[in-house]
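A.B. asks: Sharing a structure here in structure tokens format.
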There are 2 protein chains.
Amino acid sequence: MDDSAPSGSKSGHRKDGQLAAWGSNLTYNIVQDLGIAIVTGRYSGPGGFPVESELAKHYGASRSILREAVKMLTAKGLLGARPRQGTWVEPEDRWNLLDPDVLRWLLERKFSLRLLTEFIEMRLAVEPGAAALAARIATPAQKAKIVHAIDRMIAASRNEDDPLTSDIAFHVAVLEASGNRFYMQLRELIETALRFSIRRTNDYKGVRLASVMDHKRICDAILAGDADAAGALMRVLIQEALDLVQGAERATLAPEQVSST
Amino acid sequence: MDDSAPSGSKSGHRKDGQLAAWGSNLTYNIVQDLGIAIVTGRYSGPGGFPVESELAKHYGASRSILREAVKMLTAKGLLGARPRQGTWVEPEDRWNLLDPDVLRWLLERKFSLRLLTEFIEMRLAVEPGAAALAARIATPAQKAKIVHAIDRMIAASRNEDDPLTSDIAFHVAVLEASGNRFYMQLRELIETALRFSIRRTNDYKGVRLASVMDHKRICDAILAGDADAAGALMRVLIQEALDLVQGAERATLAPEQVSST
DNA sequence: CAACGCTTTTATCATATAAATAAGCCGGCA
DNA sequence: TGCCGGCTTATTTATATGATAAAAGCGTTG
């Protein structure tokens, strides 16, 4: 009847986001649960967000803990609070979408092709830039990491490694090799999003060797120090992913209009 | 002797970041002060981060409040904590650089041309993408906002408006017109960074009319729906800013080598 | 209609107990 | 002697509880 987490929630698979550092922590569990509840809109309707005492009763936790959890969500832009006025869910455009936790909650629990499209649009801008930078200033160690990821992708095409994680490893390695802290920040975001992007748009019935070669060409350009080529190739690669998702989005939005027009 | 904020700090100019919503709030003030102290490295040396009781004594606040502040900073990736082990400052690469507060603390209190360079590198990737998107799907209202910003810039070139805020308004308007939530998230970041970028690299001794025209051409391309041109023009514009800052960075890093090579 | 007081809710404080864990202690064994 | 295993202790965060202060909407009243 009420699917939100009672105090006994011991959901045991916490290897994700930055909060995951601590394992089983009451505050942490409440932040997770509240975060998901908020992004899925459970508190957007009438009634809004409960008052502290109600929340505490609901989770069977003390008000102190609840307040700490609420403060963390406030820091991520999801909540706001004022005396007498209570606590409320901030409008979506104030949510800190670039916070790994927030993005993960959204993708995991409120997946939408629209959101994924927008994210890939951003990747389309960011990753070519990172690849170009990497081509210029990657250290030998960073280059080695990129090469290693490519090797893994090739191995995956022979069913000797995992295609998903090796693909992610490649993109992450390029971001790290950019030497730019902001690109590196996007690492975790892109890691999260890729995990969904690839699985949803799938076409992962057997890794297409062509795709692996596309990746390898980017790697080669970076190794050769050819920034322009690296950027351009990366752009093409991601544009393909974007086309795929946008196709799916259009099909979902107007499935009957496809044939009628 | 001790320049950190005692309890009586009533610094009254809080019109910035997302935390600023509330005005004078003890928890908020402590978060600000601690955040700045952390990014400036006050707790990075030996001794590390104080234990809760010490912090509480230092700020003259209760432990509850201190814990809430620490939790907010934890949510932004600056701190970690464990029983018996105490609270510690996370390594810089785990800080949430894309959080408006964190970036602002860094730029305001630990400004470095290197950081600014990296940020502009990201803008160089992002804003052309946003401009291209805007050219495709901006609504009339969004286009009007861009035009209005250009008008303000033109007025500023005649000393009839503020050059800094009108310039910022233009870039923000483009980001908003992209219709992409992730670009819009960067709005606040770019707003913050521009405020420093422009002032530091200045060349703001009189607005150069040429620069205004460069902006106007982007605006025209967006109005005309020419995505490629809008993106390319924006790229050129930001590349110029990047060159400027990188020039300053090189001059600072090796001022004596400039002439010797 | 303005000022006052009432009420609700968060903000802040104070104190106590639980849980985690690093570090020391101690005894035994090779 | 020297090292190692487990036990004890001490420190620090995690959690709980109850009380007071301050903000802010709302109605009442002069």
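A.B. asks: Provide the descending list of Cα extents for the protein assembly as shown along its principal axes, expressed in whole angstroms.
C.D. replies: On the principal axes, the protein assembly as shown reaches 60, 56, 53 Å in Cα extent.
A.B. asks: Measuring from a point 7 Å out along Cα→Cβ, what nm distances, shortest first, does B:LEU253 have to its partners in the other copies?
C.D. replies: Computed spacing set for this position: 4.4 nm.
A.B. asks: What trypsin sites (Lys or Arg not before Pro) does region B:131-165 have in DSSP loop regions with at most 16 other beta carbons within 10 Å?
C.D. replies: Values: sites: B:ARG136, B:LYS143, B:LYS145, B:ARG152, B:ARG158; in loops: B:ARG158.
Passing sites in region B:131-165 are B:ARG158.
A.B. asks: Ok, one more. Taking chain B, how many lysine pairs are there with alpha carbons less than 27 Å apart, if each pair must be eight or more places apart or span two chains?
C.D. replies: Taking chain B as the scope, the lysine pair count is 19.
A.B. asks: Of B:THR87, B:THR139, B:LEU115, which is farthest along the charge dipole of chain B in the positive direction, counting Lys and Arg as +1 and Asp and Glu as -1 at C-beta?
C.D. replies: B:THR87
A.B. asks: Computed FRET efficiency, Cβ-Cβ of A:TRP88 and B:LEU253, R0 60 Å: what is it to the nearest 0.05?
C.D. replies: Efficiency, from the Cβ-Cβ distance: 0.80.
A.B. asks: Quick test of the membrane-span-like rule: which DSSP H helices of chain B reach at least 30 Å along their long axis (C-alpha atoms) with mean Kyte hydropathy at least -0.5? Write out the running numbers ahead of the final one.
C.D. replies: Numbers: long enough: B:113-137 (35 Å, 0.84); B:227-253 (38 Å, 0.55).
Long hydrophobic helices here: B:113-137, B:227-253.
A.B. asks: In peptide B:173-181, how many Cβ atoms from other protein chains are near each Cβ within 10 Å, on average? Walk me through the intermediate numbers first.
C.D. replies: Numbers: counts 0, 0, 0, 1, 0, 4, 2, 6, 12.
Partner-chain Cβ atoms within 10 Å, mean over residues of B:173-181: 3.
A.B. asks: At a threshold of 8 angstrom on Cα-Cα distance, excluding pairs fewer than six apart, so keeping six or more, what relative contact order does chain A reach in percent? Present the calculation step by step, with values, prior to reporting the outcome.
C.D. replies: Numbers: 288 pairs, mean separation 49.2, N = 261.
It rounds to 19 percent for chain A.
No value in this document is a laboratory result; all are computed from the given coordinates. Predicted, not measured: the structure shown is a model, and the values here were computed from it. Methodologically, a virtual Cβ is constructed for each residue, glycine included, from the backbone with ideal geometry; neighbour enumeration extends over all protein chains shown.
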